[in-house]
Amino acid sequence: DLSNLVVSDDNSFATAARTLYGGFLKAKGISQYSKTVLSPVTQLRNFTTSSMFALSQGNIGRGANLYDSMKLVFDDATGSGADQFAKDIDDMTMRGVLGTNTELREIQDLIRKGARGGGKALKGLEKLYQGSDDVWKAYNFKFETNKLRNALNGVSEEDKIKYLTKNMTDIEIDKATAIQNGMPLKGRIPNANGTIDDLNLVDELIKDRAGQIVRDTVPNYNKAPLALRFARRLPLGNFITFPYEIYRTGANTLKQSLDEMNSGVGTIRAIGQRRLMGLMSATIVVPQATAMAAYAVSGISRDEMKAYQRSFGAKWEKNAMLIPVRREEDGRITYINLS
């Protein structure tokens with residue numbers, strides 16, 4: 001309210017400047033919308049590349065079912081979910097796991113009431129774009145929950161609570177105390193009968209910890225700092241939240257794995273080791289293996305690709321990992337920027 005009073009609405013010049021600036025933001029948002037939500041290639045890429053966040057957490061193999069995650073998100077998007085799926089969706093949304101796609105939320109913030117809400121078709125595409133992101137977040141949440149349950153199986157109740165409440169905020173500790181004392185919890189989602197289910201302290205703490213890990217290690221629009229929220233309102237420039245989130249989640253994944261490896265619980269240490277191996281696989285092993293396979297298949301050498309990159313590559317690709325696809329008849333190299 002204070003900032004709105006700085007520029008008076010009676011000033012015609014200020015009103016014209018605000019309208020012009022708002023037009024720039026809408027134009028930027030619509031441009032980004034067309035290249036993401038309305039692009040079939042980007043829709044597919046959004047789903048497939050998000051699997052790397054699961055790999056970087058070591059969440060590959062037994063522990064969660066991708067089909068169930070897809071069904072859960074699809075049922076939510078179409079409104080056809082069963083009671084249990086609806087309950088799971090509500091639970092994950094309450095924990096800040098779902099509905100936090102960085103690019104879609106940034107676009108919606110820019111366009112505001114401009115092109116947003118333009119019919120059922122656009123809404124459906126937005127849900128698809130958000131859903132392809134939510135599938136992997138639901139998958140990671142289920143995987144993290146199951147990892148913790150299995151790791152703490154056989155550990156004393158006291159040690160379980162001690163580990164699960166480590167680094168908790170005062171609010172989270174108050175919540176844990178409330179559950180332990182059998183008190184009703186504000187904001188809990190009622191079940192199908194309209195009543196609140198009895199809450200198991202350890203199970204609730206496991207879900208809280210799993211939710212915290214997913215929020216910290218998978219891109220999340222709500223985690224953007226104030227400076228970025230201002231910068232994304234600049235009329236020029238590309239998506240700014242997602243690159244920041246890559247740095248944030250990468251650092252948090254390393255921190256989470258080291259924290260787990262320093263745990264006094266042996267099974268938790270194993271989770272940390274697996275997470276660290278997953279991070280190394282996603283950031284080093286998979287890219288290098290992909291590059292080596294591409295060099296072998298395309299017949300283009302690494303030195304040739306580097307020379308092309310130095311002499312002809314775009315300035316934003318000088319330090320990127322470029323994967324050669326083929327050599328055209330005129331000698332040009334077709335490549336993919338894996339970075």
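A few points about this structure:
- Count Lys and Arg as plus one, Asp and Glu as minus one, and take only other residues whose Cβ is under 13 Å from that of I300; the net charge is then +2.
- Based on the Stokes-Einstein relation at 25 °C and a viscosity of 0.890 mPa s, and on the Kirkwood radius from alpha carbon pairs, the stretch 203-339 is assigned a translational diffusion coefficient of 135 µm²/s.
- The Cα atoms of the stretch 299-339 define a convex hull whose projected area, averaged across directions, is 2.7 nm².
A short reminder: the numbers here are calculations on the coordinates, not readings from a lab. All of these numbers come straight from a predicted model, not from anything done at the bench. Glycine also receives a Cβ, built like all others from the backbone with ideal geometry; neighbour counts cover every protein chain displayed.
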